[in-house]
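Heads up: the structure comes next, in structure tokens.
The values are calculated or read from the model by the stated rules, or taken from the named source; none is laboratory data. Computed from a predicted structure; not experimentally measured. Here the Cβ positions follow ideal geometry from the backbone for every residue, glycine too, while neighbour counts run over all protein chains shown.
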Amino acid sequence: MDNETYAPSARVAGVDEAGRGPLAGPVIAAAVILDPKRPVAGLRDSKQLSPGRRERLYDEIVHRALAWAVGRAEAAEIDRINILQATMLAMQRAVAALQPVAEQVLVDGDRCPVLRCPVRAIVKGDSRVPVISAASIIAKVSRDREMIELDARFPGYGLAQHKGYPVKAHLEALAALGPCPQHRRSYAPVRRCTRRDRVR
């Protein structure tokens, strides 16, 4: 990566999120501190990896990283404070859960959460910076697994398949069934169906 400004010897955490766009479920952020003595090969933006490859890299990161943690903001929090602020909150929670603590943080995107240590936003960091790539993989796999669990709790929406994104099948199910407790009421497609909300 070009023009790095952090100390090479510092414990640098990468941070990324998954789940800003879906109509249902939490937004999940991950924070990862890689161990230079135990490198993980093949790190890249999670969206560029097959599900199987993401799962394998997830296991490698979990076993080889110096530290990793996830943070979350629930659908109700997203509705209350908006998705941007909920994403920042999830990132703060992920970083706060790291042990050992991060001395500096690199975040994917163009906005930084307020943290107790120096933090820098890097546009397209998930494809440019390995430690952010690692965080993107942890966040994506963690959220996908949770959406599969939610599909069992709230059948009929296809959450295991589309992970809550506004694809045609999800919109049709939402119109037919009304929102479930995990749907984000502040999102327009859900808001339009709220009048038809059914007790589940």
| residue 70 fails exactly one of the following numbered conditions: (1) free of Cβ contacts under 8 Å to residues at least 40 places away in the same chain; (2) outside any helix (DSSP H, G or I). What is the number of that condition? | (1)
| Within the range 78-102, considering residues that are under 23 Å from residue 187 (Cβ atoms) and more than 15 Å from the chain's Cα centre (by Cα), the one surrounded by the most Cβ atoms within 10 Å (Cβ to Cβ) | 79
| request: Grab the helices (runs of 4 or more DSSP H) fully contained in the range 116-200, keeping just those with 1 or more residues being closer than 30 Å to residue 36 by Cβ and among the small types (Gly, Ala, Ser). | output: 125-128, 130-153
| Leading residue by the ranking (surrounded by the most Cβ atoms within 10 Å (Cβ to Cβ)) among those in the range 39-67 that are acidic (Asp, Glu) and touching a residue at least 24 places away in the same chain (Cβ under 8 Å) | 45
| message | Looking at the range 144-161 only, could you name the residues that are crowded, with 18+ Cβ neighbours inside 10 Å and without any contact (Cβ under 8 Å) to a residue 12 or more places away in the chain? | response | 151
| Listed residues 39, 22; which is more than 12 Å from the chain's Cα centre (by Cα), outside any strand (DSSP E or B) and either hydrophobic (A, V, I, L, M, F, W, C) or over 22 Å from residue 117 (Cβ atoms) (or both)? | 39
| Can you tell me which residues in the range 103-115 are more than 19 Å from residue 39 (Cα to Cα) and β-branched (Val, Ile, Thr)? | 107, 114
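State yes or no: is residue 185 loosely packed, with under 15 Cβ neighbours inside 10 Å, of a type in the set (D, E, K, R) and either in contact (Cβ under 8 Å) with a residue 40 or more places away in the chain or out of contact with any Leu (no Cβ under 7 Å at 6 or more places or on another chain) (or both)? Spell out how you get there, then give the answer.
Numbers: loosely packed, with under 15 Cβ neighbours inside 10 Å: no; of a type in the set (D, E, K, R): yes; either in contact (Cβ under 8 Å) with a residue 40 or more places away in the chain or out of contact with any Leu (no Cβ under 7 Å at 6 or more places or on another chain) (or both): yes.
For residue 185, the condition - loosely packed, with under 15 Cβ neighbours inside 10 Å, of a type in the set (D, E, K, R) and either in contact (Cβ under 8 Å) with a residue 40 or more places away in the chain or out of contact with any Leu (no Cβ under 7 Å at 6 or more places or on another chain) (or both) - is not met.
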| message | Show the residue pairs meeting these rules: Cβ distance below 8 Å; 6+ apart or different chains; first residue within the range 107-133 and at positive phi; second residue assigned to a helix (DSSP H, G or I). | response | 109/125
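Inspect the range 86-108 for any residue being in a helix (DSSP H, G or I), charged (D, E, K, R) and either modelled with pLDDT under 95 or in contact with a Phe, Trp or Tyr (Cβ under 9 Å, 6 or more places away or on another chain) (or both) and give the result as yes or no.
First pass over the range 86-108, keeping only residues in a helix (DSSP H, G or I): 86-96.
Checking which are charged (D, E, K, R) leaves us with 93.
Add one more test, that the residue is either modelled with pLDDT under 95 or in contact with a Phe, Trp or Tyr (Cβ under 9 Å, 6 or more places away or on another chain) (or both), and what stays is none.
Within the range 86-108, not a single residue is in a helix (DSSP H, G or I), charged (D, E, K, R) and either modelled with pLDDT under 95 or in contact with a Phe, Trp or Tyr (Cβ under 9 Å, 6 or more places away or on another chain) (or both).
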| field | Qualifying residues in the range 25-36 (those that are in a loop (DSSP other than H, G, I, E, B) and within 15 Å of the chain's Cα centre (by Cα)) - the one farthest from residue 150 (Cα to Cα) | value | 26
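Those residues that are touching a Leu at 6+ places or on another chain (Cβ under 9 Å) and more than 16 Å from residue 189 (Cα to Cα), I need them from the range 155-172; list them, please. Explain how you work it out, then say what you get.
Restricting attention to the range 155-172, the residues satisfying the condition of being touching a Leu at 6+ places or on another chain (Cβ under 9 Å) are 156-157, 159-160, 164-166, 170-171.
Result: 156, 160.
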